[in-house]
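Every number in this text was worked out from the coordinates using simple rules, so none of it is lab data. This one's a predicted model, so the numbers in the text were calculated from it and none came from an experiment. Neighbour counts are summed over all protein chains in view; Cβ atoms, including those assigned to glycine, are modelled from backbone coordinates with ideal geometry.
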Amino acid sequence: MNREVKKLDLVGEVCPVPLIKTEKAINNLSRGKSLEIVTDHTQAVRNIMEFLDDRSLEFEIEELKAGIWQIEVDS
Amino acid sequence: MAESNINRQDERNNKDERLSFAAGKFSYKTGAVLLAAVNILILLFTGRLWGITGGFVLTDLFQINFPALEVLAINSGVVLGSFYSIKLSGNFRFRGFCTLRRGILVFAGGLLMGYSAQIAGGCNIRAMVNGVSSFSLHGVIFTLSVFLGVYFGSRLARKLYS
Amino acid sequence: MWLFCGYSEEVFPIAFKSKILYPLIFFGLVSIFLGLNILIFLLLGGLAGFILQRSNFCFASGLTNFFMFGKTKFLLAVILLLILSSAGFIFYELFLAEFLSLAGLANTAVSPGLHTVLGGFLFGLGMTLAGSCVVGMLMRIGEGSVTFIIVLAGVLTGSSFGSLHSGWWQELFGAESIYLPPLLGWPAAAVFQAGMLAALYMYFRFRKN
């Protein structure tokens, strides 16, 4: 998989920042690229998953260690 | 198109199950029903409507004002209960180490919340939820004003954090 | 029950020690040194905190999601909370208060006025800046989030100054508290409240974005 991956590091950020930055990153994501979001805020995980579902975007979510999640979105 | 979205949603729910994040997760509605029960229990056990900021007035606490100390005990319980819940689902972590800029903004936010809760006669639980649920006009006025505040706050947040 | 919490059955004995035994020891110590009353308050709060964290119930996130993205899931849940609390409070007022010799709801009404509007507005603004409401803040501290300790410091400072000033605000803007049941009588007040909340629920449930 040779997709170019853009990274969005949201570790340490709390509401409403994660969703604002995610929306901006998704809007700026060009076709063929992937976005890798890392967050440790439980609310952000919920919000981002719902946001991506609304936009009908495919994503994979993985728990990196206790309390940090990585969401990879394919555009 | 709609059908494939629904299938994706099912896949997603199955994926979710394997994440400890989702183990035992409650929906907002479940939370609401259970919180209503706790709300009434607190009324029964303290004789007063549930409120949070009543336990944070330092002048009251230092004068050993019992109602304030009771509220402080309940508030401490909230922290412990939340800790227990997240420990149980294996997601505890020391998180949220923010920048100095964000630190100043959140302190200001706290300042506003504490001050305004005192002048309005309650926080989002005591004045918004319980104000309306206790059939008092101040609850409705407070709720509408909070919505206005959040509306403008959201616009400010977009400018500050984009 | 352990499956519900996400544990398999082999882990049961270890889970028992840390999830049940230590809390029980903690409860025992609290009862002995602080009294049964304090234990009950801690447990009530603990129940609330558990539920709040499990459902990730936070007004700031729920409301900003509505204003920024039009998401109504949280609002609907809050309306449900209001409906159920109102029902519980009616039951309390009419059947339990006298039985338990507790104060009636009329004593809890707070005087409305311009200070309520200003307070609400500043509260909403503060919530968005801080990233949580006051309950949410406590819940997030339990989750381990250090940012909200800073928020707590702000809340402590703000509350303390606010309580010094609240008398002044009341004098300037305070009016007689307006409490619905004496105005409409109980059945009408209950029906009115139920009707308004149900209408709000329907509106948010079926609005097209």
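The mean number of partner chain beta-carbon atoms within 10 angstrom of a residue's beta-carbon across peptide C:30-39 is 2. Once the Cα atoms of helix B:100-120 and of chain B are each reduced to a long axis, what angle between those two axes, in degrees from 0 to 90 to the nearest 10, is obtained? The answer is roughly 50 degrees. Between C:Leu24 and C:Gln170, the simple label model (points 7 Å from Cα in the Cβ direction) yields a spacing of 4.7 nm. Entry note, chain C: relative contact order of 26 percent, from Cα contacts under 8 Å with a spacing of 6+ residues. The order of B:Ser116, B:Ser89, B:Ser133, going from fewest to most other C-beta atoms within 10 Å of their C-beta, is B:Ser89, B:Ser133, B:Ser116.
Arrange C:Cys58, C:Cys133 by Cβ neighbour counts within 10 Å, fewest through most, would you? Don't skip to the end; give the middle numbers.
Details: C:Cys58 27, C:Cys133 30.
The order, fewest Cβ neighbours first, is C:Cys58, C:Cys133.
Springs between Cα atoms under 10 Å define the GNM used for chain C, and in it the highest mean-square fluctuation of C:Ile141, C:Ile149, C:Ile20 occurs at C:Ile20. Taking amide H as placed 1.01 Å from N in the peptide plane, A:Glu58 has its amide H under 5 Å from the amide H of A:Asp74, each at least 5 places away in sequence or on another chain.
By the rule of a C-alpha distance below 26 Å, with chain neighbours fewer than 8 residues away ignored, the lysines paired with A:Lys33 are A:Lys6, A:Lys7, A:Lys21, A:Lys24, A:Lys65, B:Lys15.
Normalising the average separation of contacting C-alpha pairs (under 8 angstrom, six or more residues apart) by the number of residues puts the relative contact order of segment C:29-151 at 31 percent. When each of the peptides A:25-32, B:97-104 is scored by the mean number of other C-beta atoms lying within 10 Å of its residues, the order from highest to lowest reads B:97-104, A:25-32. Calculated mean residue ellipticity at 222 nm for chain C: -23000 deg cm²/dmol, from DSSP H runs with n ≥ 4 weighted as -39500 (n - 2.57), summed, divided by the residue count and rounded to 500. Using C-alpha pairs below 8 Å separated by at least 6 residues, the relative contact order for chain B is 19 percent. Per-residue shielding of C:165-175, expressed as the average number of other chain Cβ atoms within 10 Å of the residue Cβ, stands at 2.
Between the helical axis of A:42-54 and the longest alpha-carbon principal axis of chain A there is an angle of about 30 degrees. Angle of helix A:17-27 to the longest C-alpha principal axis of chain A, folded into 0 to 90 degrees and rounded to 10: 0°. When each of C:Thr64, C:Thr128, C:Thr108 is scored by the number of other beta-carbon atoms lying within 10 Å, the sequence from fewest to most is C:Thr108, C:Thr64, C:Thr128.
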